[in-house]
Amino acid sequence: MKKPTFLERLTGTSNVDEFDEVLDGEEHDENGEVVDGEQFEDESEWPGQEGEDEPQEGELPVDMYQTGDSIVIRALVAGVSPDDLDIAITRDMVTIKGLREEVQESPDEDYYHRELFWGSFSRTLLLPEEVLIDEADAKEKHGLLEIILPKVDKDRSTRLKVKSHAKT
């Protein structure tokens, strides 16, 4: 029998269902502990917990919109040197990577709030249209990165003259 939860004790109901245990694929002892599945001594052994101490990469928030002849991507990169930005462009995708170095002026225990993101970040965007990668331009001003990607003009056409190498 599974130990009732606080809510079950409070309301006097029991949500323990034999079908739930079958669907879970786990057997429980009288204390509600898993007896047939993997046992972990502490939380650091839980699946998916590997490398939690390693700094995680953040995802860069962006705005992306189009004009008549370009796709424009904007992102806030305040505190990031333009030399620490890496922008890779293909005809249908853009990847922006960077690093925001933390300058910690106070020990962790002296902080009231810690909401700013420090460390490496990246963002890969699929573009809605093909762009001319050789004509792309990126600018940073006051912490705002702006990437301008000219669209491929699919209506543009040209006429080729056929050259003959035959001697007459």
**Prompt:** Has region 110-119 got at least one residue that is surrounded by 11 or more Cβ atoms within 10 Å (Cβ to Cβ), touching a helix residue (DSSP H, G or I) at 6+ places or on another chain (Cβ under 9 Å), over 15 Å from residue 64 (Cα atoms) and among the basic types (Lys, Arg)?
**Reply:** no
**Request:** Give the residues of region 55-68 that are over 16 Å from the mean Cα position of the chain (by Cα) and exposed (fewer than 12 other Cβ atoms within 10 Å of the Cβ), sorted by residue number.
**Result:** 65, 67, 68
**Request:** Output the number of residues of region 121-135 satisfying the condition of being surrounded by 14 or more Cβ atoms within 10 Å (Cβ to Cβ) and farther than 16 Å from residue 76 by Cβ.
**Result:** 5
**Request:** Answer yes if at least one residue in region 108-126 is under 18 Å from residue 90 (Cβ atoms), assigned by TED's automatic domain parsing to the domain that holds residue 96 and out of contact with any strand residue (DSSP E or B) (no Cβ under 6 Å at 6 or more places or on another chain), and no otherwise.
**Result:** no
**Asked** Quick one: what pairs do we get from region 59-75, first residue touching a residue at least 40 places away in the same chain (Cβ under 8 Å) and closer than 17 Å to residue 153 by Cβ, second among the aliphatic types (A, V, I, L, M) and not in a strand (DSSP E or B), C-beta under 9 Å, 6+ apart or different chains?
**Response** 71/127
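The values are calculated or read from the model by the stated rules, or taken from the named source; none is laboratory data. Note that the structure is predicted; figures quoted are calculated from it, not measured. Here Cβ is always computed from backbone atoms with ideal geometry, including for glycine, and neighbour counts include all displayed protein chains.
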